[in-house]
Amino acid sequence: MRELTGRTALVTGASRGIGRSLAIALADCGADVVVNYTSNDERAREVQQEIEARGVRCHLAKVDLTGSTCAEEMAVIVPEIDILVHNASIQFRRPWQEITLEEYDIQMNCNFRAAFLLIQKYAPRMMEKRWGRIVTIGSVQEQKPHKEMLIYSASKAAQTLMARSLALQLAPYNVTVNSIAPGVMNTDRNSEFLQIESIHRQTCAGIPLGYIGEPGESAGTLKLLCSEEGRYITGQNIFVDGGMGIL
């Protein structure tokens, strides 16, 4: 059922991996989709074609979310949305003693500040219309931080706490705010490490379901949260991680 027909969704970091699957899932539900990306025009156009093949509109928004003006730049391309999915993130693998201030800023600005700025920009109109869906994409690392991704895991935890706080403030306006925390997924970001047999085996051993997830594992959860069936869900952080977070 295409119950999101007439709605417009912005998905950040949507040219690949989890973001791509989330953008396509919303298109399957009838939403027009704005695909945000930073650099790879060819890959973004491929996603655009996949979305438009579903009979909905798709706009590309090439905006660097590490910049302080990212929300203003985005609003020039798409002034108003009904659904915001903040999926874009950056991670650096580094021992904590070696983390540079530049790496700290890049991760926090993209992973946390950009979500805050985009919500500030778009939520007021959702509140006026008394309908909106905001979903932040976190990580199982909020529960089980990787020892070489201190800033990444901290930024995701901060993002989720922000979503919970905003859920309280936006609930009176029928705007829901939730988070999805994926586990280890078979994305290009992880492929280099997961191709190493010992790391792949060790990772699977730490997942109760016993296997690495695919990029689209979170799509069903997103569809629920953006649908009318999910209208009574707000302030939640739903782990889609094969049980990894409970070990």
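Each value in this text was obtained by applying a stated rule to the coordinates, not by laboratory testing. Quantities reported herein were computed from a predicted structural model and do not represent experimental measurements. Glycine also receives a Cβ, built like all others from the backbone with ideal geometry; neighbour counts cover every protein chain displayed.
With Cα atoms defining each centre, segment 1-50 and segment 123-139 are spaced 17 Å apart in the structure. Taking the chain as a Gaussian network of alpha-carbon nodes connected by springs under 10 Å, the highest mean-square fluctuation of the residues VAL78, VAL34, VAL177 belongs to VAL78.
Adding -39500 (n - 2.57) for every DSSP H run of four residues or longer, then dividing by how many residues the chain holds, sets the calculated 222 nm ellipticity at -12500 deg cm²/dmol. Report the Cα centroid-to-centroid distance between segment 142-176 and segment 201-220 in angstrom, as an integer. Distance between centres, Cα-based: 22 Å.
Simple point charges give the picture: +1 on the Cβ of Lys and Arg, -1 on the Cβ of Asp and Glu, and for segment 8-240 a dipole about the Cα centre of about 540 debye.
Projecting the Cα atoms of LEU170, VAL35, VAL76 onto the charge dipole of the chain, computed from C-beta unit charges around the Cα centre, puts LEU170 farthest toward the positive end. When the chain is treated as a GNM with alpha-carbon contacts under 10 Å, the residue of GLU50, GLU102, GLU214 showing the greatest mean-square fluctuation is GLU102. Could you please report the charge total around MET127, scoring K, R as +1 and D, E as -1 over all other residues with beta-carbon less than 13 angstrom from its beta-carbon? Its environment carries a net charge of +2. The value of relative contact order for the chain, using C-alpha pairs under 8 Å at least six residues apart, is 18 percent. Give, as a single signed number, the net charge of other residues whose beta carbon lies under 13 Å from the beta carbon of ARG2, with Lys and Arg counted +1 and Asp and Glu -1. Net charge around ARG2: -1.
Binning all Cα-Cα separations of segment 8-240 at 5 Å, short to long from zero, yields these whole-percent fractions: 1, 7, 14, 19, 21, 18, 11, 6, 2, 0, 0. Build a GNM of the chain with springs between Cα atoms under 10 Å apart, and of LEU209, LEU101, LEU117 the one that fluctuates most is LEU101.
Using a 10 angstrom Cβ neighbour count of at most 13 plus a DSSP loop assignment to flag exposed chymotrypsin sites (Phe, Trp or Tyr not before Pro), which longest range of the chain is free of such sites? Before the final figure, lay out the partial values.
Working: sites that count: TYR211, TYR232.
In short, 1-210.
Excluding GLY183 itself, what net charge comes from residues whose Cβ is under 14 Å from its Cβ, given Lys and Arg +1 and Asp and Glu -1? Value of the local net charge: -1.
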